[in-house]
Structure formats: structure tokens, C-alpha cells
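The block underneath contains the structure these notes are about, expressed in C-alpha cells.
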Amino acid sequence: MRTLAARKKTGRRHPLASAALLIIGLVAAGGASVAVGSVANAEPAPAAHTQATAAEGEALFRANCASCHGIDAEGTPNGVSLIGVGAASVDFQVMTGRMPMAFQGPQALQRDPQFTQEQSDAMGAYIASLAPGPAVPSEEQLDTSVVDEEGVANGAELFRINCAMCHNVAGAGGALTEGKFAPHLRDIDAAHIYEAMLTGPQNMPVFNDQNISPDEKREIIAYLHYLDENPSVGGFDLGSLGPVSEGLFIWIFGLGGIVAVTVWLTSKPN
């Protein structure tokens, strides 16, 4: 009894008690640090960045586009509504320089872009936040390195069926009605070709994924890139203007040659 009472009076702890408390404190502090770090690196961070990008895009839109498309992108007599057109349409129109338009005319003309890619992406994020719409194609959708020769041939067939009546079978473009035209498709960025099919700019119809699948779109792009590398597969292309230039060539040189030979034969006896 005296020994127990003496221990109580002295108040001494076990020699390992301090070490145990130190270990427990370090473990608790480490766990708290990991928990705080996990919360800081959680998913809301990208969402906040997207929200900031959309806000920047809204400011750019209102400063440069709202005069025609309306303060809320709902359209005016001078510009169509952009509700539901998606980021793909914004990227195509802005990064090909068609928007903002240089002047009012039958259709917007391609020129050097007036905005950077980052600014275009911000405006695309803002438009996409207003309503669902086609997104900018991914790198996988634009990767034509996976398309083999059979795929290029299939892309050529799809192009002839769906596109050649306006853009010409060689992608040289062509005239339409009322001062409009289908532009040439030489040396065009793959993303802009895909976005054009997806959104149907100007007079072009929309070819969504139900009309032409993503794989078929990639094959069409591969065919157009093949034309960039092989601009005249069949020989002298006569400007790639189709039957007009070919008929004119035959009329002038073919019939002209026949007339010249006929005159030479009839004049020889004299």
C-alpha cells in the first residue's frame, strides 16, 4: 500500500508515454494533411476553371458579337441565334476568320482569325453553357493515321455522294446561287472539316453522327488530305473545274484540230 501511494504522490509517467503521444500526434497531423489535400484536389477545381473560362467568353462575346447576335445570343435581324449551336460552331466560324464578318454579304468569307485559340475556346465555352450543342472534336476523332487505303477509298466515295455536288469531286469548290459559293477544301485543318460537317455552316447541310458516323467523317478527312498530297491523280486537271473546262478544251482543241486538218486536206490538191 505504501508503494502504490508513493507512486501516486510522485506523479511519474511511464518512460514510453511521451514517445507514444508523439507518434499519435504525428499520425493525426498526417491524416489531417492528407484529408485537406484530397479536398483541395477534388473535382470542383476543373469546374471552377470552366466557369471562369465561360465568364471570359461571355465578356468577349458581348464586346465583339452581341451587336449582331444579341446580348444573350438569341439573335437579331442582323445575326442568327446561337442558342444550341455548340462550341464546334464557334471554333469553326471564329478560327477560320468568318466571324466577325468583315462586311455584310451573301456569305461570310474566310480570312485570318481575329482571335486567339484561347479566346475562341472561351467564347465556345460560353455558348455551350447556354444550351447543349456539338462539341469540338477530340484528337482521337481527328486522327487520320489510323485510316488505311480502304478507308481513304471509302472516304472518297462518301465525299462524291454527299459533298461533290457543291465542292467539286476534286474539292476545288464551286459556284452556288445568289452570289454564294462552296469554298475549296485544299489544305484545310482537320478540325475545321469535321466541325463543318457537324454544324453545317453557311449553305452547307448538317451531317450529324447519324448521317455520317465519326469514323466516316475521319475517312472523308483522310481523303481530302490525300488530295492535298496528290492534287492531280489522273494527270492534267484543267483547273479541276469538271465538265466545263473539259468540254471547253475538247471544243477548242479537239474540234479546232479537226477543222484545221480538214482545211489542210482540202487545200492540198490545189
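Things worth noting here:
- Accessible surface of Glu140 - all protein chains present, 1.4 Å probe, nearest 10 Å²: 140
- Other residues lying with their Cβ under 15 Å from the Cβ of Ala73 contribute a combined charge of -2, Lys and Arg counting +1, Asp and Glu -1.
- Region 207-223-region 72-118 distance, computed between alpha-carbon centres (Å): 23
- Note on Glu139 and Val206: with the Förster distance fixed at 35 Å, the Cβ-Cβ geometry gives a FRET efficiency of about 0.95.
- Label zone of Asp215 (point 7 Å out along Cα→Cβ, amide N under 18 Å): in region 149-177 this covers 149-159.
- Under the simplified labelling scheme, the Ile71-Gln51 pair shows an inter-label distance of 2.4 nm, with each label point 7 Å from Cα along Cα→Cβ.
- Cα-Cα P(r), region 37-189, percent of pairs per 10 Å interval: 10, 30, 31, 21, 7, 2, 0
- Note on exposure: Phe159, Phe253 ranked by accessible area (1.4 Å probe, complete protein assembly) read Phe253, Phe159, with the most exposed listed first.
- Full extension of the chain between Trp264 and Lys180 gives 25.5 nm of extra length, using 0.36 nm per residue less the Cα-Cα distance.
- Solvent accessible area, Å² - Ile71, 1.4 Å probe, full protein context: 90
The values are calculated or read from the model by the stated rules, or taken from the named source; none is laboratory data. In this text the structure is predicted, and so the values were computed from the model without any measurement. All Cβ positions, glycine included, derive from the backbone under ideal geometry; neighbour counts span all protein chains shown. For accessibility, only protein heavy atoms count, side chains too; no ligands or nucleic acids. Shrake-Rupley method; radii C 1.70, N 1.55, O 1.52, S 1.80 Å.
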